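Below is one structure, written out as structure tokens, with a few remarks after it.
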Amino acid sequence: MAAKEKRDLDFGDVNEREGCGGRRSLSYSDNSSKPYTNRDLYVTFTMGESLFSRAYFDAVYIPAGLIVFGTWIMKKEFVPYAAAVALALAGFKFYTLQPKKVLIPDTFQEFELSEKTIISHNVAIYRFKLPTPTSILGLPIGQHISIGATISKDDGTSQEIVRSYTPISGDDQPGHFDLLVKSYPTGNISKNLASLAIGQTIRVRGPKGAFVYTPNMVRHFGMIAGGTGITPMLQVIKAIIRGRATGDKTEVDLIFANVTEQDILLKEDLDALAKEDAGIRVHYVLDRPPEGWTGGVGYVTSEMITKWLPKPAADVKILLCGPPPMVSGLKKATEALGFKKARPVSKLEDQVFAF
């Protein structure tokens, strides 16, 4: 099976993380005339559908009703037995449609590469299969996975390397998970991923991380991301947008820094999110901008933070993800602007949290 050169991922698929690091399309086609598959039903159930939704009727009520009704027509005295059988089958259907979480925090498991989408000369999206079509990673929003690999050294020995990545897909996309990975000349895991052929496997464990998003945990997020550090930010933004229907009012201002305009990963998706939701605003910063560029220029400065991000307050949180030197400088800058000093290792309650 050849790697695909181009693919449209849906609303939960987008990013990588070799220190920080999912995307999914923002528009849904109308599938009301199509029969539900197990995956459709899984998504419907996990997204909080009513007990009177079409999904429940198609998967549970109609089959159970037909069993009872058919028995009543053929032999009324067997109706109680038919009802018992229908109830058992309905219970089994409910059970089989429930999410099956596969991640184990302290145990590596192997997952097979099923698809590889080339984004640029050093960026690709890797899709890995989960055990069943309704399996999910079970990864809380804001957390990441660990990928392990045995790397051969020049002296003939080998070394075990583990790095953290944030999938760009979410648990609302069962059956697989996607990683957006940028390969670096000195990046052992990213180079290992880039060398994978379809059908080969990686070793994964998790979840891990100190940050878990919950709706309305703060009034306003100020986010600063560099490069593939956009991935955890995107996961949080998507969760906020999904939660609008149930009352999530969180606002987001994101500063996304890159070297050139071509380096901006998922720009179309980010622009679509911001256009779709007035509570999401994205501000781009480039180190080498093209002629006519109207966004920020250079490194992310205190002036940019003051201009674009929320002011220090008890219900405001700053999220950082990017290259270590960038994150280190931003911790100092936010402290100088009045935010609480960031710890070397962030905790959920911190006002300035670095992934």
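When 240, 224 are screened for being outside any loop (DSSP other than H, G, I, E, B), in contact with a helix residue (DSSP H, G or I) (Cβ under 7 Å, 6 or more places away or on another chain), of a type in the set (Val, Ile, Thr) and closer than 27 Å to residue 172 by Cβ, only 224 passes. Does residue 226 meet the test of being assigned by TED's automatic domain parsing to the domain that holds residue 337, within 24 Å of residue 253 (Cβ to Cβ), small (Gly, Ala, Ser) and within 20 Å of the chain's Cα centre (by Cα)? It is true that residue 226 is assigned by TED's automatic domain parsing to the domain that holds residue 337, within 24 Å of residue 253 (Cβ to Cβ), small (Gly, Ala, Ser) and within 20 Å of the chain's Cα centre (by Cα). Criterion first (touching a His at 6+ places or on another chain (Cβ under 8 Å) and of a type in the set (A, V, I, L, M, F, W, C)) does residue 293 satisfy it? Answer is no for this residue.
Of everything in segment 144-172 that is in contact with a Phe, Trp or Tyr (Cβ under 7 Å, 6 or more places away or on another chain) and assigned to a loop (DSSP other than H, G, I, E, B), the residue that is nearest to residue 105 (Cα to Cα) is 167. No other residue among 103, 137 is in contact with a Lys or Arg (Cβ under 9 Å, 6 or more places away or on another chain), assigned by TED's automatic domain parsing to the domain that holds residue 190 and modelled with pLDDT of 95 or more apart from 137. Flag not set for residue 170, criterion: touching a Pro at 6+ places or on another chain (Cβ under 7 Å), buried (at least 23 other Cβ atoms within 10 Å of the Cβ) and within 29 Å of residue 258 (Cα to Cα). With the requirement that a residue be surrounded by fewer than 18 Cβ atoms within 10 Å (Cβ to Cβ), more than 16 Å from residue 322 (Cα to Cα) and not small (Gly, Ala, Ser), what does segment 173-195 give you? Of everything in segment 173-195, those that are surrounded by fewer than 18 Cβ atoms within 10 Å (Cβ to Cβ), more than 16 Å from residue 322 (Cα to Cα) and not small (Gly, Ala, Ser) turn out to be 185, 186, 188, 191. Looking only at residues of segment 173-206 that are touching a helix residue (DSSP H, G or I) at 6+ places or on another chain (Cβ under 8 Å) and outside any loop (DSSP other than H, G, I, E, B), we find that the one that is farthest from residue 236 (Cα to Cα) is 202.
The values are calculated or read from the model by the stated rules, or taken from the named source; none is laboratory data. All values reported here derive from a predicted model rather than from experimental measurement. Glycine also receives a Cβ, built like all others from the backbone with ideal geometry; neighbour counts cover every protein chain displayed.
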